[in-house]
1. Calculate the length of the line joining the C-alpha centroid of region 70-110 to that of region 372-397, in whole Å.
2. Between region 131-207 and region 286-342, what's the alpha-carbon centroid distance in Å?
3. Which angle between 0 and 90 degrees, to the nearest 10, do you get for helix 433-446 versus the longest principal axis of the chain when only C-alpha atoms count?
4. Taking square-rooted eigenvalues a ≥ b ≥ c of the alpha carbon gyration tensor, is region 5-224 rounded, prolate or oblate, where a/c under 1.5 means rounded and, failing that, a/b exceeding b/c means prolate?
5. Suppose we keep just the alpha-carbon trace of region 119-204; what are its Rg and Dmax in angstrom?
6. Dipole size in debye (nearest 20) for the chain around its Cα centre, Lys and Arg Cβ +1, Asp and Glu Cβ -1?
7. Of S375, A416, V397, which is farthest towards the positive pole of region 254-421's charge dipole, taken about the Cα centre with +1 and -1 on the beta-carbons of Lys, Arg and Asp, Glu respectively?
8. In Å and on Cα atoms, what radius of gyration and Dmax does region 254-421 show?
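The values are calculated or read from the model by the stated rules, or taken from the named source; none is laboratory data. Predicted, not measured: the structure shown is a model, and the values here were computed from it. Positions of Cβ are backbone-derived with ideal geometry, glycine not excepted, and every protein chain shown enters the neighbour counts. The area values use the complete protein model at the heavy-atom level, side chains included, leaving out ligands, DNA and RNA. Shrake-Rupley method; radii C 1.70, N 1.55, O 1.52, S 1.80 Å.
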Amino acid sequence: MTTPLAVVVLAAGRGTRMQSSRPKVLHPLAGRPMIRHVLDTLEQLRPDRLVVVVGEEMAEVSELVAPHPSVVQRERLGTGHAVMAAGATFADFDGDVLIAYADTPLIGVETFRRVLAARRASPQPAVVVLGFRPADPGAYGRLVMGEDGGLEAIVEAKDATPEQRALGLCNSGMMVACGRSLPGLLARIANDNAKGEYYLTDLVHLARAEGLACAAVEGRVEDLIGVNSRADLAAAEAVVQARLRARAMAEGATLIDPASVFFSWDTRLGRDVTVAPFVTFGPGVSVGDRVEIRSFCHLEGASVADDALIGPYARLRPGAKIEDGAHIGNFVEIKNAAVEPKAKVNHLTYIGDARIGAAANIGAGTITCNYDGFSKSLTDIGVGAFIGSNSSLVAPVKIGDGAIVGAGSVIASDVAADALALTRAGHEERPGWARAFRERKRAAKAAGRGAGAGAGAGAGERDKAKGGV
Ligand code: UD1
Ligand code: MG
């Protein structure tokens, strides 16, 4: 029979060192809040109970963690106090209680499993703590090990003696405790320390004082960064990005310069995708096989099907659906629009709230005018249609299959299939006018009369020449 498991995730801290008006655990890593990373990993353990401890005014955190329940720690009196706030979760709980800090988001499920295994190995230690050896132990709590290899105490850096501060093995914050011992041990935690807080870490020496064994398991440094400041957040982001890049390559994508490609936690790339330098994937992007994404593209909430070509300098916004073999070129923005197979939108274009039919060709500078200041409207462009350069399509509007829109047109009414539509001012041409104009100007300058006065052209021509051509 497996031991029942309860999980308590601490997220109520103020995050003072972040200098932020948002709760610390909502700051994103690879495009999603830090606490979601922790929860996704913990869910893989299939715990019998899981509760998140949040602070007051953290309704946003409670919503984000739902359907997991959250409890409010009204006063922020320390990590031990926070676990007490979740006491109902493990009252009379005959199993293991895993405590995780939401500001330590990179722990993998295997590491959690190792700590659980250590707790379940006989003779069962009452508390097992996950430790690590960071290059700079800084403000982390130090693990004081006994001569028998057991864990004797955790000492917070602010309360440590110089000898204790010199210890390299630090507290990651994650621990597993015996559910039957936990309530009694928590009740004995005091706040007579440098911060005047109820430290969860006191659990270890309190257990030892009762003759209960405690143990430490060592984890990898890069998994155990505790995010307390923006600098820590950047360090954690670098670790996540390195993992996501490695995964993309392992799954068959070529990243020409991995360090300049940024992924979101859920980016999906197919096989034989090539990503050039300086590309950013926001959340919600999936890319099919054999797609080429050239430099300086930004994609978010978009799907790109097999064999498509994107960029350089393309922006795919939420709802962009680029279908098989379509081309999206430089300085093109696509939002909430399907670009059907083999259609081309290659230059300087905005396509929003639209359908671009298969094999249609959208000329340079085309704009779908989708917004009237109040609501959005659709542009529907048929299969094989051709939109001439610098056209404005005023939505709602439908361009039929195979229709041609002449360059420079403003199209505000539907165009029938296979028709030509164009709106254009008439063409006026005056033979020789330009040469006469230049001669007149040069002559005036030579005579010292400056620019502006007419010479050589008739009165009508003079008027037109005023203020330049
Ligand atoms: C804590 C540990 C330290 C460890 C480090 C690892 C304690 C006393 N210290 O220090 O030994 O090396 O984590 O990163 O536990 N929280 C609450 N309520 C509170 C206070 C904190 O829910 O009243 C939550 C925070 O939201 C956070 C976690 O507990 O997710 C840890 O709190 P934090 O203040 O970041 O502790 P550290 O100083 O990092
Ligand atoms: Mg912390």
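1. Using only Cα atoms to place each centre, the spacing works out to 54 Å.
2. Cα centroid to Cα centroid, the span is 51 Å.
3. Helix 433-446 and the main axis of the chain meet at about 90 degrees.
4. rounded
5. So, for region 119-204, Rg and Dmax equal 13.1, 36 Å respectively.
6. On the way: 52 positive and 53 negative charges, 488 e Å.
For this selection, approximately 2340 debye.
7. Looking along the dipole axis, the top candidate is S375.
8. Here Rg and the maximum Cα pair distance are 15.6, 50 Å.
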